[in-house]
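Derivation of every value follows stated rules applied to the coordinates shown; laboratory data play no part. Every value quoted in this text rests on a predicted model; they were computed, and no experiment measured them. Ideal geometry is used to build each Cβ from the backbone, glycine not excepted, and the neighbour counts take in all protein chains shown.
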């Protein structure tokens, strides 16, 4: 009988033994080493053991009897110190064992972030039963706090388990969304929301700087100086193959032990490797399914077969009770198409990724019933063109009649609740339509309150109207924001506030976007709406901004950029001009030009030079002129009564005051102001978005002018007596525009759409409302008046300014 | 297994009965009365209007109700219960959305030996507080529970509340070092079954059955998931967790058991949407004399079935 020695009693080697004994129980005399003082147990069920939903005894795969029945010599709790390939022996702490065939199944070791404090007591990894018991022990302290570093599968299962154990748990995750290797942003958003509902605090985009504590762990410090208290820190940031024995034995090792598809090491035909420790052509394996496939292949080959291990697509599940997610295949491929289904009420998100009429990936959250079926379609490469229209609804809908939403609405009983916010049932709506002769959605809203609050039931109400009125009902034509949604800008803005949606992912899920991550039309708009509505809570998503706003400069036709520093009210000084001249010389800026808004524009700057240009300008006191922004651009002024014989007021002073008050604010489209000191209007205030004409008795405030593609004189808003009043009215008007306009809609178009009198009604005739607009603008400025140039000089978004690779001209040609 | 102790003398729950609406009254629709034939006979002749007796109170108030003292209470069968040695009861309404489908009543006998817990937790100010509970001889554990609350996601009640799904916890006393664990260990409580009790409106209730070694509530527990999000439109249910004194773990991650509607007693609860109680029938899993299957709704659909066997 040949001697087989296996190092490591994990899931791969456990399955290997099962196959081996099944195929030929007498082929080998087996010795099994394991550093852990126990045999094989189902490691992937450690999370339920941690949470208390399973006991360790339940997850034991092979007990003492099993090993005894199969004559396995168990060397548990004994480390292997050496593999001597020349003598063909494995050296353990308690003596050596000869082998004819050797299997290395050493698994993987957790990756430890190399930060200060990582070795403190109370910092644990999460790989085996001892780690699990250490966490259970730590959770015994009443009120104890845990920080889990890593929002992947293992980290989140640990977090949920510790929370069930009664701990106060925070998850720190480096990426922008949880489980980014398995989920897209939309599913990541739902997962985060579900975990937060369990009382787990989730912090994405967070990088660990240090683990704090003297004698034992006391907290975790992030790179942004945020600190968390912690009695326990769980590091679950990944694994790497455990290869030390293989390296010492002179076996070929890449990231893991290099093997052939037959599971044989590359330079010793009698030594095999299996499980998480292997590296097959650069591929590593961390999930259990390929490990089991490997075990089967290896069992056959140890018995003289020629089986081949072929890696397959993998599916992922998270073992947290009550969370249903499923991810399989590839959902980041290029040239892909996608089908997305969202059900906000049921918190369901499904996304199928297609390429060449084949399903290549699937992400599901909240409804995973068809996960296995989709996974089969991915694995089989089936042509789905025949069922494309109904594919997203799952297996049960294939070959059947397409779903008819109208039939579903018709089948609802009269007491079925349509509007959850106001408790309005179907019968009440139908009665109101028929008895009162209602034909429009607004009429139904007015009479029944259905769809009048959050609006989530608007579609249902419209279907009811269509059902009741037939052709007499024609829904109001709403121009959707883009192809990702049927909702128009106004509905989206209203629902962001009504449903308190505070992230792009939340908007897309709760408003049932038809795509997984939006498009170049809707993302910038949503980003603006969220910045405007939740200035203190929403984190501006720069990736949802156009290039000029991302790099804080205007891209030119040759790929260079122009830079316009802010000159308050168009006023400058010799010091500022010298600084500009120095920058122009230092960076060989080819063109310097005065703008129509009374600023100096430097054109032809290379992208990688921008931070250095800004640094020099910043030292001279300049901040960004926001010449690239959907925001306040310039306040143009004339010299006013300081110098001009006709000047009636200090127009320059008012312009500077307005600009200093309003700079930095984001608006739906660009905003240009001007203040003229007299009706001769040298600052051309009557063609600006907002203009002021100073007169002897005060200030005439104008708005809704245009002098671009369209030419339009301003409308008069009102006349006020003092500068303070002028400031309040202009700021309130700007805030009203910020809150009510559609993204990219200039003031003149917005005001025309809603009516000039409506603007006057809200700003002039309603002092309380005006004051509220003003106060909200002031509040938002607390978060907006940060010079983006100085931020970038200090390193923010530095990836944006890295030079492109320089390709020699000949090579490029 | 911890929950699997076979040398039981008496179980914690003596009588289990089902009451279903018939017009404007609740009528008996089965149950397990064990050796309490007289109580069974009297119960068979009884019916309850809304608000009447314990089942009627659960119906009227649309919430689970614990009654620990029959004398002088609204309990209608006090004499018969006293004769049978029954001292306490818990009524669990089963609602499909806003429609009452049934009321499940568990009756217990008090003595100095029997330990276990049937608890009703209710949401108040963002926390789960103990509405009431019956603990038998576990008086210290009762006191601890009365002074405990659970945030979302913490402990068995908080976990059930957050996940909106039934859960089965092992090792309540030994490995489980949560707030009440020390006292639970001393009381001999081992296995905990928690389940949401959906009622009309937005109120959250969680029912927990905590089983002890010597006087178990059950020796076999099963949790079945019947949500369309899990099983599609098949009408089936899949066994997501379970533990048995005879068979050990019942769950199988790779190949979970499935049943269809009307297939066995769990399938009966799944198909009818009503609780099922069986006693002394061969159809019960081998080795067990009685079983209870309780459907748990989400909206108007059965989402889960929990079953326990003695």
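What do you get for Rg/Rh of region A:1-86 when both radii come from the Cα atoms and Rh is the Kirkwood radius?
On the way: Rg = 14.0 Å, Rh = 13.8 Å.
With Rg and the Kirkwood Rh in hand, the quotient comes to 1.01.
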Item to check | Between 0 and 90°, nearest 10: helix A:489-498 axis offset from chain A longest Cα axis | outcome: 70
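Can you figure out the FRET efficiency of residue B:253 with residue A:756, using R₀ = 56 Å and their beta-carbon distance, to the nearest 0.05?
Details: r = 67 Å, r/R0 = 1.19.
After rounding, the FRET efficiency stands at 0.25.
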Checklist entry - Tell me, what is the percent relative contact order of region A:324-403, built from C-alpha pairs under 8 Å that lie six or more residues apart? => result 28
Checklist entry - By counting other Cβ atoms within 10 Å of each Cβ, how are B:143, A:789, A:568 ranked from fewest to most? => result B:143, A:568, A:789
Checklist entry - When the Cα centres of region A:406-435 and region A:295-332 are compared, how far apart do they sit, in Å? => result 49
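Using helices alone, what [θ] at 222 nm do you get for the protein assembly as shown, with -39,500 (n - 2.57) per DSSP H run of 4 or more residues, divided over all residues and rounded to the nearest 500? Walk me through the numbers on the way to the answer.
Values: 34 runs with 319 residues, N = 1123.
After summing the helix terms and dividing by the residues of the protein assembly as shown, the value is -8000 deg cm²/dmol.
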Item to check | B:26, A:129, B:107 arranged by Cβ crowding within 10 Å, fewest neighbours leading | outcome: A:129, B:26, B:107
Checklist entry - How many Cβ atoms of partner chains, on average, are near each residue of B:244-253 if near means within 10 Å of its Cβ? => result 2
Checklist outcome for this item: Across B:150-163, the residue-averaged tally of Cβ atoms belonging to other chains within 10 Å stands at 6
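Going by how many other beta carbons lie within 10 Å of each one, how would you line up A:204, A:519, B:310, fewest first?
Details: A:204 17, A:519 14, B:310 23.
Ordered from fewest to most neighbouring Cβ atoms within 10 Å, A:204, A:519, B:310 come out as A:519, A:204, B:310.
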Checklist outcome for this item: Per residue convex hull volume, Cα only, region A:220-327, in Å³ is 180
Checklist outcome for this item: In nanometres, the difference between 0.36 nm per residue of separation and the alpha-carbon distance of residue A:310 and residue A:24 is 100.6 nm
Checklist outcome for this item: For region A:161-297, the Debye formula with one identical point scatterer on each Cα and no solvent gives log10 I(q)/I(0) at q = 0.16, 0.18 Å⁻¹ as -0.93, -0.99
Checklist entry - Can you give the Rg to Rh ratio of region A:547-624, both from alpha-carbon atoms, with Rh computed by the Kirkwood formula? => result 0.92
Checklist entry - If only Cα atoms are counted, what is the Rg of region A:715-789, and what is its Dmax, in Å? => result 12.9, 40
Item to check | Backbone N within region B:16-51 under 20 Å of label point (7 Å from residue B:79 Cα along the Cβ vector) | outcome: B:36-49
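Please state the relative contact order of region B:13-309 as a whole percent: Cα pairs under 8 Å, 6+ residues apart? Display every interim value, and only then the final one.
Working: 723 pairs, mean separation 43.8, N = 297.
Relative contact order comes out at 15 percent.
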Item to check | Nitroxide proxy distance, nm - points 7 Å out along Cα→Cβ at residue B:132 and residue A:778 | outcome: 5.5
Checklist entry - How much FRET efficiency would the formula 1/(1 + (r/R0)^6) give for residue A:479 and residue A:224, where r is the Cβ-Cβ distance and R0 is 45 Å, rounded to 0.05? => result 0.65
Item to check | Inter-probe distance in nm under a simple model that places probes 7 Å from Cα toward Cβ, at residue A:543 and residue A:414 | outcome: 5.3
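Calculate the all-directions average of the projected area of chain A's alpha-carbon convex hull, and give it in nm². Could the numbers behind the result be given before it?
Numbers: hull surface 182.6 nm².
Its Cα hull, projected and averaged over all orientations, spans 45.7 nm².
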Checklist entry - Peptide B:227-238: average number of partner chain Cβ atoms within 10 Å per residue? => result 4
Checklist outcome for this item: When chain B is treated as a Gaussian network with springs between alpha carbons less than 10 Å apart, the largest mean-square fluctuation among B:11, B:228, B:215 is found at B:228
Item to check | Whole-angstrom gap from region A:55-123 to region A:524-565, using each part's C-alpha centre | outcome: 54
Checklist entry - How high is the relative contact order of chain A, in percent, counting Cα pairs under 8 Å that sit 6 or more residues apart? => result 7
Checklist entry - Taking N as the number of residues in region A:324-403, what value does Rg over Cα atoms divided by 2.2 N^0.38 Å take? => result 1.01
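Just the ratio, please: alpha-carbon radius of gyration of region B:13-309 over 2.2 N^0.38 Å, N its number of residues.
Values: Rg = 17.8 Å, N = 297, 2.2 N^0.38 = 19.1 Å.
Region B:13-309 yields a ratio of 0.93.
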Item to check | Length gained when the stretch residue B:98-residue B:262 is fully extended (0.36 nm per residue, less Cα-Cα span) | outcome: 56.6 nm
Item to check | region B:258-310-region A:461-518 distance, computed between alpha-carbon centres (Å) | outcome: 42
Item to check | Label point distance in nm, residue A:355-residue B:41, each placed 7 Å from Cα along Cα→Cβ | outcome: 7.7
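Multiply the residue gap between residue A:435 and residue A:768 by 0.36 nm, knock off their C-alpha separation, and tell me the result in nm, one decimal place. Working shown, then result.
Numbers: separation 333, 0.36 × 333 = 119.88 nm, distance 3.95 nm.
Full-extension gain reported as 115.9 nm.
Once R0 is set to 41 Å, what does the formula 1/(1 + (r/R0)^6) return for the Cβ-Cβ distance between residue A:36 and residue A:379, expressed as a FRET efficiency to the nearest 0.05? Can you show the working numbers first?
Values: r = 34 Å, r/R0 = 0.82.
Calculated value: 0.75.
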